[in-house]
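Heads up: the structure comes next, in structure tokens.
All of the numbers you see were taken from the coordinates with simple rules; none came from a lab. Please read all numbers here as calculations on a predicted model, not as lab measurements. Backbone-built Cβ (ideal geometry, glycine too); neighbour counts: all protein chains shown.
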Amino acid sequence: MVGGERNHDTGYDLMTAGEVWQWVRPETLTTSQCSGWPCRYNSVLDFVFTSGPAQRWLAESVIVVEVGDFPDDASTSDHRPVAATVWAGGLAETTSASLVVANANANLRSGPGTTYPVAGGTRTGEPLEIIGRNDDGSWFAVGWRAVDCRLFGG
């Protein structure tokens, strides 16, 4: 399975257009829909999205996989559930955005962890807008070229 940010359908594009909705990407992607056996698809068809201020909150999701959940039959669903945890306000809001200057080249990630895809990169001396941080201060939410990214700061 290829990362969902690069290999997806028009429905995903429509959901994320204009940054109104943001995918809470599971750390591990695995097939979430299976009709028949073997499964006809190797794709994620079940999602959790956030919108508005919740896009800056700490959020995680996981595709729930149980032994025997596929293939579907009269007693099982053809979709795997996606469990999500969202920490309301879990990303500490700054009273106002702070502008800092990067002191080194760094990857900017789409989520708070190295398993999240690289959303971009910053160069030494490039200004960054710090818009929040997670509870332990290890990841900062930064506004970078109109994209909400995460930068390791721990």
## Note on the structure
Ranked from fewest to most other Cβ atoms within 10 Å of their own Cβ, 12, 41 fall in the order 41, 12
### Task
Can you tell me which of 18-29, 113-124 comes out highest on packing, and rank the rest after it, using the mean Cβ neighbours within 10 Å?
18-29, 113-124
#### Entry: residue 73-residue 135 FRET efficiency (beta carbon distance; Förster radius 30 Å; 0.05 resolution)
0.10
#### Entry: Sorted by Cβ density within 10 Å, fewest first, the residues 47, 140
47, 140
### Task
Among 31, 10, rank each residue by its count of other Cβ atoms within 10 Å, from fewest to most, as a rough exposure measure.
10, 31
## Note on the structure
Sequence order, the range 105-118: Karplus ³J(HN,Hα) from phi using 6.51 cos²θ - 1.76 cosθ + 1.60, θ = phi - 60°, Hz rounded, Gly and Pro as x, gives 5, 8, 7, 10, 9, 7, x, x, x, 6, 7, 6, x, 6
